[in-house]
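> Sharing a structure here in C-alpha cells format.
Derivation of every value follows stated rules applied to the coordinates shown; laboratory data play no part. All of these numbers come straight from a predicted model, not from anything done at the bench. Neighbour counts are summed over all protein chains in view; Cβ atoms, including those assigned to glycine, are modelled from backbone coordinates with ideal geometry.
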Amino acid sequence: MRKVIYIIRHGETDLNKLGIVQGRGMDTELNEKGRAQAEAFYQAYKNVAFDKIYTSTLKRTHQTVQKFIDNHIPWVQFAGLDELGWGIHEGQQSTEKLRSDFHEITEHWKAGNLHHKFERGESPLEVKERQLIVLEKLIEQNEDENILICMHGRAMRLFLCLLMNKPLTEMDNFPHTNTTLYKIGFDGKDFHILEFNNTKHLD
C-alpha cells in the first residue's frame, strides 16, 4: 500500500539555543521559538489528513506535534525514534574540547567505524537496531496512508539512511534545522524523497 510519511525534527529548546548537547537522556521542553515553529508547522499542514502520528518518547517531540495530537489523530510513541545517546557529553556546553571530540567521532562514522560511541552513549549501529522496529511498523499493511513522524536531528539522519537504503556513513547528507520536513513516499516496496529539508513553513 502506498503511503506518504512526513518526518520532522522537533522545535527549538533552550539547550538548542545555547549550543548545549542534547541526546536521548535529556528530556527538554520547547522554548518560545520552538513553540512558534511548532505552530507554523501546524498552520501549514493542519489540513493534511494524517492517519497516525509517531513520536519519540521525549516530550520535545510531543510538544512539537501537540496540536495534531489534540485533533484526536492516533498517536504512538516509539523509543526507536529517540535521539542518539551522547553519553557523558549530554548536558555539556560547547567547548573547544567538546567540538574536537564530536569532530573525531563523526569522522570515525564517515570512515565506516559505526560502532564508535561516547562513554555511556550509543553508536549509529545501536540506533539503527531500535529504528528497525519502527520501520517494520511503517511498512506493515494497514490503512495508514499519511503518517506524521516527529523525532530528533541525528536520529533523523540515521532513519533517512535506513529508509533510503543508504549506508549510515552518508548520514550527514541529510541536513536539518528545527522543524525541518522530509516528505517521503512509499510505493509498497521502496521509499522516495518527495521534499528534501523543507522549511518553507518557517518563512
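> Output the 0 to 90 degree angle, nearest 10, between the alpha-carbon long axis of helix 124-139 and the longest principal axis computed from the alpha carbons of the chain.
0
> Report the charge-dipole magnitude of the range 3-202 in Debye, nearest 20, computed about the Cα centre from +1 at each Lys and Arg Cβ and -1 at each Asp and Glu Cβ. Write down the numbers at each step before the final one.
On the way: 25 positive and 29 negative charges, 58 e Å.
Magnitude of the dipole: close to 280 debye.
> Another question, then. What are the GluC sites (Glu not before Pro) within the range 22-63 that DSSP puts in a loop, where the Cβ has at most 16 other Cβ atoms within 10 Å? If you can, show how the numbers build up before the last one.
Values: sites: GLU29, GLU32, GLU39; in loops: GLU29.
Filter output for the range 22-63: GLU29.
> Oh, and also: Take every DSSP beta bridge whose two residues both sit in the range 3-202, then give the antiparallel share in percent to the nearest 5.
50
> Per residue of the range 26-40, what does 6.51 cos²θ - 1.76 cosθ + 1.60 with θ = phi - 60° give for ³J(HN,Hα)? Whole Hz please, x for Gly and Pro, Karplus curve as stated.
10, 9, 8, 10, 5, 8, 4, 5, x, 5, 5, 4, 4, 5, 4
> Divide by every residue of the chain the summed helix terms, -39500 (n - 2.57) for each DSSP H run of at least 4, and state the resulting mean residue ellipticity at 222 nm, rounded to the nearest 500 deg cm²/dmol.
-10500 deg cm²/dmol
> Something else about it: Which of LEU84, LEU30, LEU18 ends up with the largest GNM mean-square fluctuation for the chain, with Cα atoms connected below 10 Å?
Fluctuation is largest for LEU18.
> Count the net charge of all other residues whose Cβ sits under 13 Å from the Cβ of SER123, scoring Lys and Arg as +1 and Asp and Glu as -1.
+2
> Just one of (1) 17.1; (2) 17.7; (3) 16.7 is Kirkwood radius over Cα pairs in Å calculated from these coordinates, so which is it?
Working out Kirkwood radius over Cα pairs in Å from the coordinates points to (1).
> Compute the acute angle (0 to 90°) between the alpha-carbon long axis of helix 153-163 and the principal axis of greatest extent of the alpha-carbon atoms of the chain; round to the nearest 10°.
Value to nearest ten degrees: 60.
> Related question: Hey, how many Å between the Cα centroid of the range 133-203 and the Cα centroid of the range 67-83?
15
> Return the whole-Å distance between the Cα centroid of the range 98-125 and the Cα centroid of the range 9-24.
A separation of 19 Å, based on Cα centres.
> Relative to the longest principal axis of the chain, what angle (0 to 90°, nearest 10) does the C-alpha long axis of helix 96-110 take?
60
> Turning to a different aspect of this structure: In nm, to one decimal, how far is the ASP27 label point from the ALA49 one, both placed 7 Å along Cα→Cβ?
3.6
> A further question on this structure: If packing is taken as the mean number of other Cβ atoms within 10 Å per residue, what is the order of 45-51, 104-110, highest first?
Peptide ranking by packing, descending: 104-110, 45-51.
> So if we plug the beta-carbon distance of ASN146 and LYS97 into 1/(1 + (r/R0)^6) with R0 = 35 Å, what FRET efficiency do we get, rounded to 0.05?
So the FRET efficiency works out to roughly 0.20.
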